[in-house]
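In what follows, a structure is listed as structure tokens, so that the remarks can point back to it.
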Amino acid sequence: MAHLMVCVIGNLEKGLRLLDLWAAIGVRGITFVNSLQYHDVPRDLLREDTPFFLNLQNIFRRSGTVQYILFAIAQEHELAEKIMNVSRDILDDRNKENAGFIFALPVEQVLGIEKE
């Protein structure tokens with residue numbers, strides 16, 4: 001069964017290292033985005049009359065905690081396990097703030113990604 005792999009981490013260098021590790025074990029179609037924790041979004045940006053498309057650079061400059069999200073589809077359970085294993089060393093510092101976390105969600109069907 002396929003899995004959606006999602007990793008959230010608060011350190012850019014570690015996020016880029018995870019990106020490299022995932023690619024090295026054969027993960028394809030990895031998406032890497034930056035985001036803000038909800039409690040760090042300036043309240044004036046959450047109003048109804050705020051334009052939908054904002055300059056994200058300005059938002060990130062004004063806000064506190066930036067985090068990075070990696071996600072990808074692992075077509076086989078074995079690849080999902082490999083992703084968990086290579087991510088463990090980088091994420092296994094639970095005592096540190098913004099250490100990050102990873103989880104896998106089962107995916108019933110996937111179109112557009114070929115199995116190797």
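At a glance:
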quantity	calculated
Amide H contacts of Ala2 (H built 1.01 Å from N, under 5 Å, at least 5 apart or other chain)	Val107
Under the Karplus curve 6.51 cos²θ - 1.76 cosθ + 1.60, θ = phi - 60°, whole-Hz ³J(HN,Hα) for the range 26-32, x wherever Gly or Pro sits	x, 6, 10, x, 6, 10, 10
Under 5 Å, built H, 5+ apart or other chain: amide partners of Asn11	Tyr68
Nearest-0.05 FRET efficiency for Arg17 and Glu78, computed from C-beta distance (R0 25 Å)	0.70
Inter-site label distance for Ala99 and Ile69 at 7 Å from Cα along Cβ, in nm	2.3
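Quick note: the coordinates plus some simple rules give every number you see, no bench work behind them. Note that the coordinates shown come from a computational prediction; the quantities given were computed from them, not determined experimentally. For neighbour counting, all protein chains shown are included, and Cβ atoms are generated from backbone atoms with ideal geometry for every residue, glycine included.
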